[in-house]
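To keep things clear, I will list the structure first and then write my remarks on it.
The values are calculated or read from the model by the stated rules, or taken from the named source; none is laboratory data. In this text, all values refer to a predicted model and were calculated from it rather than measured experimentally. All Cβ positions, glycine included, derive from the backbone under ideal geometry; neighbour counts span all protein chains shown. Each accessible area value is taken on the protein alone, full model and side chains, heavy atoms only, with ligands, DNA and RNA left out. Shrake-Rupley method; radii C 1.70, N 1.55, O 1.52, S 1.80 Å.
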Amino acid sequence: MPEATYLFERQSEYWTSYQIEKFLLDAGYSVTAIPLSQAVEHDIPSDFIYVDRSRIKIFGLQYKALYHNSRDHWKLDEHQHNELQRFPWMYYCTSELKRSGDSAAALSLARFYPSGFPYRKRLNFRHAPFKPGYRRWPAFFQGFQACKIGHKIKDMKAFMETLRQCRDLRRVDALIGQIVDVFLVDLDSKKVVLAQSSRFSQ
C-alpha cells in the first residue's frame, strides 16, 4: 500500500507559511514578498539592504507534510537533504496537521529541525529524541532573535553571496516540488523580505 499524507501535500505548507508571515506582521514587522526565482539585488528594497548598524539575518524553511501508514512520519529525500546541508540557515519545518479543520493551528503544530543531522529516510512522529532535536515556533523565533538560529548578514559582500545561494535553492526545490521559504529579517528596523519558491490557491 503506497504511503500517503494526511492532507494534500501543500495544504499544511501553505497554512504554516501564511501564519509565519502573519506572526511577523502582528509583531510589527513589514513584510515584502517576492518570488524566490527573482531574489536578486534589484528586487530587494534598497532601504532594506543599506541599513547601518542593523542585524540582518536569514533563515530558510523546507516544509514537510505528515505521512501515515504503519507509523506517522515525515519522509526525507537523501539528495535534497545533502543539498540543504550546504545552507546552514535552512531548517525543516515538519507539520503535525492531520485534519484541514485544524488549519488555524498550523504554526502551533509545526516542528523546526536543523538540517545538519545525518540523513535518515524518515523522521518518525514519536521517534526517540535525537540531537539536535526540534523547536516549536516561539523557541525557534526567540533563538533567531538571540542569534542562535539562522545566519547573520555582516556586509554587502555577504549579502550578495546569500542571494546567490537563494537562487541555488531553485534546484533544491525542483527535486520534489515542495515549498521553500527564505526569510531575510532586519531585527532592528523590523523589516522582512520573504522569498518564496511558490504560493498556491486552495
**Message:** For a quick check of your reading of the model, give me the residue pairs whose first member lies in region 95-111 and is under 12 Å from GLU13 (Cα atoms), whose second is assigned to a helix (DSSP H, G or I) and aliphatic (A, V, I, L, M), with beta-carbon atoms closer than 7 Å and at least 6 apart or on different chains.
**Reply:** LEU107/ILE20
**Item:** Which numbered condition TYR92 fails, given (1) in contact with a helix residue (DSSP H, G or I) (Cβ under 6 Å, 6 or more places away or on another chain); (2) modelled with pLDDT of 90 or more; (3) within 19 Å of THR162 (Cα to Cα)
**Value:** (1)
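Conditions (1) of a type in the set (Val, Ile, Thr); (2) more than 22 Å from ALA4 (Cβ to Cβ); (3) open to solvent by less than 10 Å² (accessible area, probe 1.4 Å), marked per residue:
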| residue | (1), (2), (3) |
| --- | --- |
| GLY60 | no, yes, yes |
| TRP74 | no, no, yes |
| ARG86 | no, yes, no |
| SER95 | no, no, yes |
| ASP102 | no, no, no |
| ALA105 | no, no, no |
| PHE112 | no, yes, yes |
**Asked** For residues in region 4-23 being part of a helix (DSSP H, G or I) and open to solvent by 50 Å² or more (accessible area, probe 1.4 Å), which is modelled with the lowest pLDDT?
**Response** GLU9
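Considering only residues that are under 13 Å from ALA65 (Cα atoms) and either assigned to a loop (DSSP other than H, G, I, E, B) or in contact with a helix residue (DSSP H, G or I) (Cβ under 9 Å, 6 or more places away or on another chain) (or both), which ones fall in region 112-123?
So in region 112-123, the residues under 13 Å from ALA65 (Cα atoms) come out as 112, 122-123.
Result: PHE112, single match.
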**Item:** Those residues of region 62-72 which are of a type in the set (Lys, Arg) and surrounded by fewer than 20 Cβ atoms within 10 Å (Cβ to Cβ), in sequence order
**Value:** ARG71
**Prompt:** Out of (1) modelled with pLDDT of 90 or more; (2) open to solvent by less than 40 Å² (accessible area, probe 1.4 Å), what's the single condition that is false for ASP26?
**Reply:** (2)
